[in-house]
1. Step by step: first the residues of the range 90-124, then only those that are over 30 Å from Gly47 (Cβ atoms) and touching a Leu at 6+ places or on another chain (Cβ under 7 Å), then the one that is surrounded by the most Cβ atoms within 10 Å (Cβ to Cβ). Which residue is that?
2. Mind listing just one residue for me: the one in the range 70-89 that is buried (at least 17 other Cβ atoms within 10 Å of the Cβ) and touching a residue at least 40 places away in the same chain (Cβ under 8 Å) and, of those, nearest to Arg31 (Cα to Cα)?
3. Inside the range 1-109, counting only helices (runs of 4 or more DSSP H) that do not spill past its ends, which hold 1 or more residues that are under 20 Å from Val119 (Cα atoms) and of a type in the set (Val, Ile, Thr)?
4. Looking only at the range 101-120, decide whether some residue is more than 15 Å from Leu17 (Cα to Cα) and of a type in the set (S, T, N, Q).
5. Mind listing whichever residues of the range 18-56 are of a type outside the set (S, T, N, Q), under 23 Å from Arg101 (Cβ atoms) and touching a Lys or Arg at 6+ places or on another chain (Cβ under 7 Å)?
6. Given Glu103, Glu73, which one is in contact with an Asp or Glu (Cβ under 9 Å, 6 or more places away or on another chain) and charged (D, E, K, R)?
7. Considering the range 10-69 alone, what residues qualify as being more than 14 Å from the chain's Cα centre (by Cα), polar (S, T, N, Q) and exposed (fewer than 15 other Cβ atoms within 10 Å of the Cβ)?
8. Does any residue of the range 86-101 turn out to be within 23 Å of Ile12 (Cβ to Cβ) and among the aromatic types (Phe, Trp, Tyr)?
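Derivation of every value follows stated rules applied to the coordinates shown; laboratory data play no part. The model shown is predicted, which means the values in this text are computed figures rather than measured ones. Ideal geometry is used to build each Cβ from the backbone, glycine not excepted, and the neighbour counts take in all protein chains shown.
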Amino acid sequence: MGEGDYQVQSVIRIKGLSLRTIIGFNEWERRKKQDVVIDLEMRFDAGPAMASDDVAETLDYKSLKRRVIDFVEDSRFHLLESLAGGILAEVMKDAAVLFARVEVDKPHALRFCDSVSVVVEAAR
């Protein structure tokens, strides 16, 4: 890189994606979809998009959100860790993603708590 050349990393966050899925290992949890709340963070090189102002140069977060929705709503995991890992794998399919962080909350999973969550991360 020459003088003034640099890579611009950008962060896109999708917060509070509320979905329903089969999650848990108790018999009653396997019969009825439950609420999960998902937060996604993705880092990518935003330099080309900033320079061109062209949507084709940026991360298509609308398409990514749709893929996550389809994946979660069709899933049937026992563990939050497995669900979070599957979402992470879906996000990392996009080669432009340099880093991703996925947090999955299961509201009211434990008494006296708002929720239980699992966080997973990956980087290239």
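1. Val104
2. In the first step, residues of the range 70-89 are kept if they are buried (at least 17 other Cβ atoms within 10 Å of the Cβ); the result is 71-72, 77, 80, 83-88.
If we keep only those that are touching a residue at least 40 places away in the same chain (Cβ under 8 Å) as well, we get 72, 77, 80, 83, 87.
Details: Val72: 16, Phe77: 12, Leu80: 17, Leu83: 17, Ile87: 22 Å.
Only one residue tops the list, namely Phe77.
3. Details: elements: 27-31, 47-52, 61-74, 80-92.
By residue number, 61-74, 80-92.
4. no
5. Matches in the range 18-56: Arg20, Ile23, Asp35, Val36, Asp39, Leu40, Glu41.
6. Glu103
7. Within the range 10-69, Asn26, Ser52 qualify.
8. yes
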